[in-house]
Structure formats: structure tokens, C-alpha cells
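The next block holds one structure in the form of C-alpha cells; read it before the comments.
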Amino acid sequence: MTPKQAQTLDAVRAHRDRTGIAPTRLELGKALGRSESAVHDSLIALKRQGVLAWDPGRPRTLVVIADAISPSTIRALTDDALALAAAEIASEQARRAP
């Protein structure tokens, strides 16, 4: 994981902890002082590493997989299953949001 990817991951967690919902790329870009495109590149790299997942068809479904699912389970899931799991986890987090 590169330093910028680690910063992106920390920003995702911080936003979720502060607001109870996943951040948008725009929000991450503002928080990190980077363009949405640069943030997107970091998110894609983190997704390929199995650290993050999201449902591309729904907003605010970005989930830090390591915080929600065990590594052995992550390795067993397909991309579609990870996206579904991300959507379910994000929905649950949104229900718990203050």
C-alpha cells in the first residue's frame, strides 16, 4: 500500500466515523487536497488489494472490508459478492448513523 493509498483509507475511515456514512469521491478529494480522479485511482488500487469494496450502482456504499469481513472470507468472495456485501454493510452503517 502506497502512502497516498494509506491516506485515502484513513480518510474513508475518519469520514465514516465522524458522519456514520461513507464519503463521496468529492468529499475525499477535498479532505485530502487531491482531485477526484486521483482519489478514484487510490480507491481502485485499494479495491484490487481487497481492502475496499463498493456497489458501483449505489451511492455511499464504500466499505473498508477489513473492518467488516475476515480476510479468509474476503479471499473466497467474487467481485459481485464483495459489491453486494459492501452494499449491505453500508446500508447497515447508514441505519446506525446518528
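Only the coordinates and a few stated rules stand behind these numbers; no lab work does. As the structure is a computational prediction, the values presented were derived from the model and not from experiment. Because the Cβ atoms are built from the backbone with ideal geometry, glycine has one as well, and the counts that use them run over all protein chains shown.
Out of these labelled values of volume of the Cα convex hull per residue in Å³, [x] 110; [y] 142; [z] 88, which was calculated from the coordinates shown here? The value computed from this structure is option [z]. Using the Cβ-Cβ distance between Arg58 and Thr2 with R0 set to 25 Å, the FRET efficiency works out to roughly 0.35. Spacing of the modelled spin labels on Ala66 and Arg95, each 7 Å from Cα toward Cβ, amounts to 2.7 nm.
Computed from point charges on the beta carbon alone (+1 for Lys and Arg, -1 for Asp and Glu), the dipole magnitude for the chain about its Cα centre is near 220 Debye. Close amide H partners of Ala53, meaning residues 5 or more places away or on another chain with modelled amide H under 5 Å apart, are Val63, Ile65.
Sum up the charges of everything whose Cβ sits under 13 Å from the Cβ of Pro56, counting Lys and Arg as +1 and Asp and Glu as -1, but leave Pro56 out. Please list the in-between numbers first.
On the way: positive: Arg25, Lys47, Arg58, Arg60; negative: Asp55, Asp79, Asp80.
Local charge sum for Pro56: +1.
Taking the helices alone, the chain has a mean residue ellipticity at 222 nm of -20500 deg cm²/dmol, built from -39,500 (n - 2.57) per DSSP H run of at least 4 residues and averaged over all its residues.
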